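Scroll down for the structure; my scribbles are underneath it.
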Amino acid sequence: MLPDSILIIDKDEEFLASALDFLIVQMNLNNVVWAVSPEEAEEKFRLYNPGIVIMDLGTERIKGEEISAIIKKSPNSPFIIMTSYLDNDDYLELTHELGGDGFFQKGRLKTALPKLIEYLNSDNNKDIFHNKSYLLN
């Protein structure tokens, strides 16, 4: 089941354009909002109360504790971290430590995100950090 809305946070406007096209056109999501800074993300989170929050771990000026604070403000919204970096195990572990609900590599948005959303909506999502199958494609 697809979320009612998604907030995607990334400073890379070229990636955002591509991600928005995928989410709106290919996944048929009507309520996709974006932010390019932590301040804009907080404002849009309050305005739109998104069903899922996706954030680039490399977003400027955001440290781990700030990510954790943002995650804690969205206790009912799955919080997914994405990154351009290739070391999945380290970033998956960091996502877990920060309190995130999932992780994917940005280059795998089109394959990993739909699987991750499906996995988060399943009854098996309690063990997401031990089941990395959604990262493989």
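Brief remarks on what is shown
- Filter pass, Phe45 being at pLDDT 90 or above, surrounded by 14 or more Cβ atoms within 10 Å (Cβ to Cβ) and out of contact with any Phe, Trp or Tyr (no Cβ under 9 Å at 6 or more places or on another chain): no
- Taking every residue in the range 20-41 that is within 17 Å of Ile80 (Cβ to Cβ) and pairing it with any residue that is hydroxyl-bearing (Ser, Thr, Tyr) and not in a helix (DSSP H, G or I), at least 6 positions away or on another chain, the pairs with Cβ-Cβ distances below 8 Å are Leu29/Ser5; Asn31/Ser5; Val32/Ser5; Val33/Ser5; Pro38/Thr59.
- Test: residue in the range 99-115 that is of a type in the set (S, T, N, Q), under 13 Å from Ile80 (Cα atoms), at pLDDT below 80 and surrounded by 13 or more Cβ atoms within 10 Å (Cβ to Cβ): no
- Count of the range 84-93 residues which are modelled with pLDDT under 75 and under 20 Å from Lys11 (Cα atoms): 3
- Filter result for Ala19 (over 18 Å from Arg108 (Cβ atoms), of a type outside the set (Ser, Thr, Tyr), within 14 Å of the chain's Cα centre (by Cα) and surrounded by 18 or more Cβ atoms within 10 Å (Cβ to Cβ)): no
The values are calculated or read from the model by the stated rules, or taken from the named source; none is laboratory data. Predicted model only: the values in this text are computed from it and were never measured. Every residue, glycine as well, gets a Cβ built from its backbone with ideal geometry; the counts of neighbours run over all protein chains shown.
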